[in-house]
1. Principal axis lengths of the chain from Cα atoms, whole Å, largest first?
2. Remind me, relative contact order of the chain in percent, using alpha carbon pairs under 8 angstrom and six or more residues apart?
3. What is the log10 of I(q)/I(0) for the stretch 2-55, computed with the Debye formula using one identical point scatterer on each Cα and no solvent, at q = 0.19, 0.21, 0.22 Å⁻¹?
4. Excluding residues on the same chain fewer than 8 positions from K76, give the lysines whose Cα lies under 25 Å from its Cα.
5. Just the number please: accessible area per residue for the chain, 1.4 Å probe, all protein chains included, in Å².
6. So what's the projected area for the stretch 56-116, the Cα convex hull averaged over all directions, in nm²?
7. Could you work out what % of the accessible surface of the stretch 44-119 is carbon and sulfur, using a 1.4 angstrom probe and leaving DNA, RNA and ligands out of the count?
8. Of the candidates E110, E44, E89, which one comes out as most mobile in a Gaussian network treatment of the chain with C-alpha springs shorter than 10 Å?
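The values are calculated or read from the model by the stated rules, or taken from the named source; none is laboratory data. Given the structure is predicted, the values throughout are model-derived calculations rather than measurements. Neighbour counts run over all protein chains shown; Cβ positions are idealised from the backbone, glycine included. Quick note on the areas: whole protein, heavy atoms, side chains included, nothing else; ligands and nucleic acids left out. Shrake-Rupley method; radii C 1.70, N 1.55, O 1.52, S 1.80 Å.
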Amino acid sequence: QVQLVESGGGLVQAGGSLRLSCAASGRTFSINAMGWFRQAPGKEREFVAAIRWSPSSTAYVDSVKGRFTINSDNTKNTLYLQMNNLKPEDTAVYYCAAGRVVRSIGNSREYDYWGQGTEVTVSS
């Protein structure tokens, strides 16, 4: 089992920045991909960004390209999402996810473990 705990959410004005963190514990050696998904009120959960170690791959949803950056420490114990130039439409609960065998890193169904989420609110 792998446990994921997100932190770093909050209230920020449009144009501001936040850095989300996801601390992983347990059998982290089994993880091959980690990602961020978000769910806005009344909407379905959507892919934001993900990173996979083997084969190496990184992906972002088009709406955050150039504004968000995903990275992790070398031990796979912590995942980050640096969010710059935030917009009101980025308001959502952000979830960290980890998977053992992930072929399509944008597909939430391929992830095995999920955190409880951290809320991000961007005011206009």
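1. Each principal axis gives a Cα extent; for the chain these are 41, 28, 24 Å.
2. 36 percent
3. -0.87, -1.00, -1.06
4. Of all the lysines, those that pass the test against K76 - Cα under 25 Å, at least 8 places apart if same chain - are K65.
5. For the chain, the per-residue accessible area is 52 Å².
6. The Cα convex hull of the stretch 56-116, projected and averaged over all directions, gives 4.9 nm².
7. In the stretch 44-119, the share of accessible area belonging to carbon and sulfur is 40 percent.
8. Comparing E110, E44, E89 in the GNM, the peak value goes to E44.
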